[in-house]
Amino acid sequence: MPQQVTTRPAAAPPRPRRRTAAEEPPKRRHSTAWRLLASPRVLAGGDLALLFGAFLLAYTTRYTWRLGPTLNEFQYTPLDAYWLVAGLFLPVTMLSFAALGRYQPRRGNPLVDDVVKIGVGVLIGTAAIIVVFFVSRPVFFSRLMFMYLGAFSVGLAGLWVVLRRVGLTMLRRAGYDNQRILVVGGGVLAKFLMQQLTAGGSLGQRVIGYLESDAAAHETAFGRFPRLGDVANLEVVIDAERVDEVFVALPSSAQHELEPVITRCRDQGVRFRVVPDLFEAQFGRMDIHPVAGIPLVTLRATGIEGFRALQKRAMDVAVSLLGLTLSAPLWMVIALAIRLDSPGPVFFGQTRIGRGGRAFHLFKFRSMVHDADERKHELFDGGQHPLLFKDRNDFRCTRVGRWLRRLSLDELPQLLSVLLGHMSLVGPRAQLPDEVAQYDDWARHRLRVPPGLTGLWQVSGRSDLGFEEMVMLDAFYVSNWSIRLDVHILLRTIPTVLSGRGAY
């Protein structure tokens, strides 16, 4: 009989207790480099230095390198006259940065937001000097010089943002300044929140576990995240686990517990954030239409149908054709490497289950020995094939195959499946028939859309995630699909593939 998937193991979690001195969690690592890079003062100091450097570079470009229209003797302005420009541009731009919130200490701020703030701040500073000096006209000032100043300021400040983020990411991945986060709530929203916090490893946010608000629940864990007790154990868990911040994501049915949770966090001196209960409705796509000031909430139907399906299909065809064209030379190199490395065919074909439970044939570059399927039983010791099984040390992988998997190059032939309409660029993972046969009703939710070459599961941890977490991510994707979400996932796929995290 097929195994039924359930997200509720039978054993009840043990009640938390205070740790003894020998059981204390490891102390957090600190470093001078972290403190310098994370300091808003250092960020502001770097901005100021680079804005001044942009000013000098702009003057040099226009008046020393003479890049632009030829300047006559009357149009040449010495650097001394431009100190007035710097004296106005620098403080106005820096004040604009501060007013836009650039120097507020906050994790998880998207890079795009930082770049937008830099662009707006520089635009305000440049507009100020143009208005002041072209109205007063104390001497001849070059408009092209001001254009260079704006462009170089955005470029240098943007480069500083990127380099600072890279440095912080390296330090956080090395274990410095990792915040210990506790999630209060065990519903869909809380579990999705835990996944996304953990997926952003560069933020240094470590989810230590969650507290289930439903006293009748008997989960011991959700994937990688242990259940540490119920909400009544909050003070004990905060103290025993040295919690830095609490994220409260209670379902609407447990909102009566919100005020006591906030009070306990305040009493313990722990920072907390609250997810509004209405946000839970986002899993069903929420529209708000005010009538006479009264917000009316409508839940739109989920799924990818009609014009939405046409949009997704158009992007699939365009990108897959481009990808196949650009990667054609690479196919020949990979094929040659596979044939020289081990005997057997270049491609590996397998039946997978697509949208609506329909089967299709999927092709990949072969990354295992040619008789891998016949030797699969050696991995399970006679037990049943587990869902979403992948072994980091699978002995069946070839030398070339390990590299192909690490860089996800073995999946290039799936672009053909995308072009043919069996798959999409973004969607749930295409699973095997014996895996789908073990689905419960919740897991079958992911069969409502075409499987994808990449997806939320892939960019949130890939093979490091368990089946329950994969289903949760896919359910969120199905309910919240948009072209913008697909583009966001595709962009996140690039660093995920380059890092090789979870690829085996």
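Things worth noting here:
- If you plug the beta carbon distance of Asn393 and Met332 into 1/(1 + (r/R0)^6) with R0 = 25 Å, you get a FRET efficiency near 0.25.
- Cα-based equivalent ellipsoid of the stretch 138-197: semi-axis lengths in Å, sorted from largest, via gyration tensor: 45, 16, 8
- In order along the stretch 163-178, the Karplus-derived 3J(HN,Hα) couplings, from 6.51 cos²θ - 1.76 cosθ + 1.60 at θ = phi - 60°, round to 5, 5, 5, 4, x, 5, 4, 5, 5, 5, 5, 7, x, 8, 6, 7 Hz, and Gly and Pro are given as x.
- Rg [Å, one decimal], Dmax [Å, integer] - the stretch 453-496, C-alpha atoms: 10.1, 27
- If you take the alpha carbon atoms of the stretch 121-257 and fit the smallest convex hull around them, that volume is 178 Å³ per residue.
- For the pair the stretch 74-99 / the stretch 417-459, the C-alpha centres are spaced 56 Å from each other.
- Peptides ranked, highest mean first, by Cβ atoms within 10 Å: ranges 37-50, 421-434: 421-434, 37-50
- Based on the Stokes-Einstein relation at 25 °C and a viscosity of 0.890 mPa s, and on the Kirkwood radius from alpha carbon pairs, the stretch 121-170 is assigned a translational diffusion coefficient of 197 µm²/s.
- Between Phe222 and Arg227, the built amide H atoms are under 5 Å apart, and every one of these is 5 or more places off in sequence or on another chain.
- Whole-Hz Karplus values for the stretch 183-198 come out as 9, 9, x, x, x, 4, 5, 4, 5, 5, 4, 4, 4, 6, 5, 6 Hz, taken residue by residue from phi with 6.51 cos²θ - 1.76 cosθ + 1.60 and θ = phi - 60°; glycine and proline positions read x.
- When the convex hull of its Cα atoms is projected in every direction, mean area for the stretch 306-499 (nm²): 10.8
- Per-pair calculated FRET efficiency, R0 = 45 Å: Leu84 and Arg107 via Cβ, rounded to 0.05: 0.70
- Highest-first packing order for the peptide set 104-117, 166-179, 63-76 is 166-179, 104-117, 63-76, based on the mean count of other beta carbon atoms within 10 Å.
- Phi-derived couplings, Karplus 6.51 cos²θ - 1.76 cosθ + 1.60 at θ = phi - 60°, listed residue by residue for the stretch 123-131: 4, 5, x, 5, 4, 4, 6, 5, 5 Hz, with x used for Gly and Pro.
- Estimated distance in nm for a label pair at Ser253 and Ala314, the labels positioned 7 Å out from Cα along Cα-to-Cβ: 4.2
- Two-site label geometry, Leu95 and Arg339: point separation in nm, points 7 Å out along Cα→Cβ: 7.1
- Scaled against 2.2 N^0.38 Å for its residue count N, the alpha carbon radius of gyration of the stretch 32-173 is 1.15.
- Residues with amide H under 5 Å from that of Thr454, placed H, sequence gap 5 or more: Val426, Gly427
- Rg ratio for the stretch 84-165: its Cα radius of gyration over 2.2 N^0.38 Å, N being its residue count, equals 1.17.
Bear in mind that the values in this text are calculations on the coordinates, not laboratory data. Computed from a predicted structure; not experimentally measured. Neighbour counts are summed over all protein chains in view; Cβ atoms, including those assigned to glycine, are modelled from backbone coordinates with ideal geometry.
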